[in-house]
1. Search the range B:116-133 for residues being touching a residue at least 12 places away in the same chain (Cβ under 8 Å) and buried (at least 16 other Cβ atoms within 10 Å of the Cβ), and hand back the single one that is farthest from the other protein chains (Cβ to nearest Cβ).
2. If I ask for residues that are surrounded by 16 or more Cβ atoms within 10 Å (Cβ to Cβ) and assigned to a helix (DSSP H, G or I), which ones from the range B:41-69 would you list?
3. For the range B:206-213, state whether one or more residues are hydrophobic (A, V, I, L, M, F, W, C) and more than 23 Å from B:I72 (Cβ to Cβ).
4. Among the numbered conditions (1) within 20 Å of A:Y78 (Cβ to Cβ); (2) within 11 Å of chain B (Cβ to nearest Cβ); (3) under 14 Å from the mean Cα position of the chain (by Cα), tell me where A:V208 comes up short.
5. Looking for something within 11 Å of chain B (Cβ to nearest Cβ) and modelled with pLDDT of 90 or more - is there at least one such residue anywhere in the range A:67-78?
6. Taking the range B:15-40 as the search range and keeping residues that are more than 10 Å from chain A (Cβ to nearest Cβ) and over 19 Å from A:P94 (Cβ atoms), which one is surrounded by the most Cβ atoms within 10 Å (Cβ to Cβ)?
7. Among the candidates A:L108, A:L84, A:L20, A:L99, single out the residue that is over 30 Å from B:S35 (Cα atoms) and within 27 Å of the chain's Cα centre (by Cα).
8. Give, as residue ranges, the helices (runs of 4 or more DSSP H) completely inside the range B:75-183 that count at least 1 residues that are under 19 Å from the mean Cα position of the chain (by Cα) and of a type in the set (G, A, S).
Amino acid sequence: MQFFDYIKKEIPFIVGVPALVWQVLFFVIPLFCIVGLAFTGKPFEYFAPFFDPVFGAVLVRSLIMALSNGLLCLSIAYPLTYFLAFKAGRLRIPGLFLLIVPFWTNFLLHIYAWFFVLEKNGFLNTLLLSAGIICEPLNLLNSWFSVMVMMVYYYMPFMILPLYAQFEKFDKRLFEASLDLGASWLQTIWYVLIPATMPGIISGFFLVFVPSFGEFAIPELMGGDKFLCVGSLVSYCVLSAETASYGAAFTILCSCVLIIASVTIYWLLSQAIKVRA
Amino acid sequence: MISFKNSIKKIVTFCAVAFVYLFFYIPLAVLVTFSFNSMPFPSPWTSFTLMWYQELFSTPYVWYALWNSFIIAICATFLSLALSLALVYMRLFRRKSSMVESFFSLFYVNLIVPEVVLGVGLLTFFVLCSVPLGLMTLIVAHTVLGLGFAVPLINGRFAELDIRLVEASLDLGATVHQTFFSIIVPLLRPTIIAAGLLVFIISFDDFVLSYFCSGTSVQTLSLYLLSMLRTGISPTMNALSTLLLLLSSILVFVFCWTTFSSKAQE
């Protein structure tokens with residue numbers, strides 16, 4: 001009887017257990033599986049081939065791509081969010097809505113849509129030709145340009161949303177007070193607005209930076225074969241059984257690089273705040 | 001002079017903002033336009049046609065892939081909602097346990113870990129356990145991703161609820177069950193709907209996890225789109241894209257509507 005009482009008392013806990021089991025079984029254990037797979041065999045056997053300039057270049061390329069994507073998104077999203085939050089008035093919500101709506105569609109579809117714009121006979125070339133800016137169609141696809149355009153296009157909402165959330169919290173009277181006290185508009189932006197919206201900047205930056213480091217569909221489809229990135233390399237390795245261990249090892253290597261890069265950037269950003277304050 | 005400067009400023013701002021919106025919408029506009037063009041892409045606009053839609057409706061692969069994606073998304077949505085509600089149920093009666101709280105923070109990690117890493121991990125896990133890849137593995141993978149959104153959303157809302165309501169309900173003689181189902185769930189309903197839609201859309205559009213966990217037997221919408229992308233441009237794909245855009249716009253509209261109307265109620 002005591003046993004049943006005990007069970008009855010613990011029912012809420014028992015109800016919650018499947019969720020925890022699910023999380024451990026299908027999230028925590030798989031992550032450990034990667035580690036296990038990479039470290040089987042001779043120690044560091046599967047890591048060795050990746051300490052090669054070729055793979056170093058892949059890593060650096062992905063890092064540059066992720067970093068420039070984060071910075072580009074920030075530099076476009078920040079003024080835009082400023083406009084939406086402070087100047088757009090009643091159009092605020094619809095404006096935000098319009099920026100987010102397209103992104104709930106399959107993102108391969110956006111890549112497909114950009115083909116029509118960037119193709120040799122596509123929209124952009126036709127426009128530039130008819131405006132007389134260029135004399136012959138440009139090769140826009142399979143270049144850094146097309147990759148970055150697509151990356152910025154796709155990741156922009158991840159920057160806008162946290163920024164906007166932070167802007168909403170910002171007390172506009174601070175802005176007015178700063179202007180009243182004689183600071184110029186630029187000074188106000190630099191010394192009042194940016195420090196106040198720093199949490200949004202940081203979370204937006206990492207929401208863009210982290211996934212774009214592992215991105216593989218965009219560089220592969222927009223960049224052709226010239227832009228081998230971390231994500232593509234990992235997927236090539238992992239999807240065939242013979243190289244799966246190498247893929248796992250490379251995944252761990254990339255994760256370490258990503259963590260180090262993120263921590264460094266975070267440290268730099270927080271140092272920047274301290275110096276200014 | 002000042003008004004002249006101001007109007008210049010206004011025009012420049014307007015142009016910049018308009019440029020960003022054009023950047024977002026021109027590709028989609030071009031895409032939709034070419035789904036109605038009677039000649040395939042490189043040729044310019046000729047005449048209006050619904051031919052490609054007809055062709056789309058007579059392609060069985062598309063509907064097979066769509067159906068798979070739909071089933072996966074529905075299952076993932078229900079599983080992640082059920083599991084996150086179970087967690088709420090657990091938390092309702094074990095508020096002070098720090099172990100439980102640390103379990104909750106575990107779910108936030110789902111969003112931080114890059115999807116590629118999660119995909120690789122799940123793939124190795126399934127291969128190690130010799131689980132055949134297919135619909136089941138896809139549902140499992142998408143549920144893990146969905147939990148990363150559903151648990152923080154629903155638990156966040158639950159934490160905002162007035163705990164006195166629960167106490168009042170229990171004081172007045174309701175059982176644990178009754179309190180959960182007639183107090184907590186109705187209060188959480190807008191959030192549950194919003195989280196459900198979010199998980200559904202994310203699962204429906206997910207590419208990376210599907211790419212790793214699908215094996216060779218099952219095709220989802222994303223994988224179908226990928227194979228179409230690799231073969232090149234075809235107007236039926238434009239027709240499909242147009243329909244998908246329409247569908248997701250409706251879903252997002254419902255999502256925003258439920259979120260905003262629940263906010264307005266407060």
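The values are calculated or read from the model by the stated rules, or taken from the named source; none is laboratory data. Given the structure is predicted, the values throughout are model-derived calculations rather than measurements. Cβ coordinates were reconstructed from backbone atoms using ideal geometry, including for glycine residues, and neighbour counts include every protein chain displayed.
1. Step one: list which residues in the range B:116-133 are touching a residue at least 12 places away in the same chain (Cβ under 8 Å), which gives B:116, B:118-120, B:122-123, B:126, B:132-133.
Now restrict to residues that are buried (at least 16 other Cβ atoms within 10 Å of the Cβ): B:116, B:118-120, B:122-123, B:126, B:133.
On the way: B:V116: 4, B:L118: 7, B:G119: 8, B:V120: 5, B:L122: 5, B:L123: 6, B:F126: 8, B:L133: 11 Å.
It comes out as B:L133.
2. Here is the first cut: in the range B:41-69, the ones surrounded by 16 or more Cβ atoms within 10 Å (Cβ to Cβ) are B:41, B:52-53, B:56, B:62, B:65-66, B:68-69.
Within the range B:41-69, B:W52, B:Y53, B:L56, B:V62, B:A65, B:L66, B:N68, B:S69 meet the criteria.
3. Our first condition is that a residue be hydrophobic (A, V, I, L, M, F, W, C); within the range B:206-213, this holds for B:207-209, B:212-213.
Applying the additional criterion that residues be more than 23 Å from B:I72 (Cβ to Cβ) yields none.
No, the range B:206-213 contains no residue that is hydrophobic (A, V, I, L, M, F, W, C) and more than 23 Å from B:I72 (Cβ to Cβ).
4. (2)
5. The first filter runs over the range A:67-78 and keeps only residues within 11 Å of chain B (Cβ to nearest Cβ), leaving A:76-77.
Within this subset, residues satisfying the condition of being modelled with pLDDT of 90 or more are A:76-77.
Yes, there is a match, as at least one residue in the range A:67-78 is within 11 Å of chain B (Cβ to nearest Cβ) and modelled with pLDDT of 90 or more.
6. At the first step, the residues of the range B:15-40 found to be more than 10 Å from chain A (Cβ to nearest Cβ) are B:15, B:18, B:22, B:35-40.
Applying the additional criterion that residues be over 19 Å from A:P94 (Cβ atoms) yields B:15, B:35-40.
Details: B:C15: 9, B:S35: 22, B:F36: 18, B:N37: 19, B:S38: 14, B:M39: 13, B:P40: 13.
It comes out as B:S35.
7. Numbers: A:L108 fails: over 30 Å from B:S35 (Cα atoms); A:L20 fails: within 27 Å of the chain's Cα centre (by Cα); A:L99 fails: over 30 Å from B:S35 (Cα atoms).
Criteria check complete, one pass: A:L84.
8. Working: elements: B:98-112, B:115-128, B:135-160, B:163-171, B:176-179.
Output list reads B:115-128, B:135-160.
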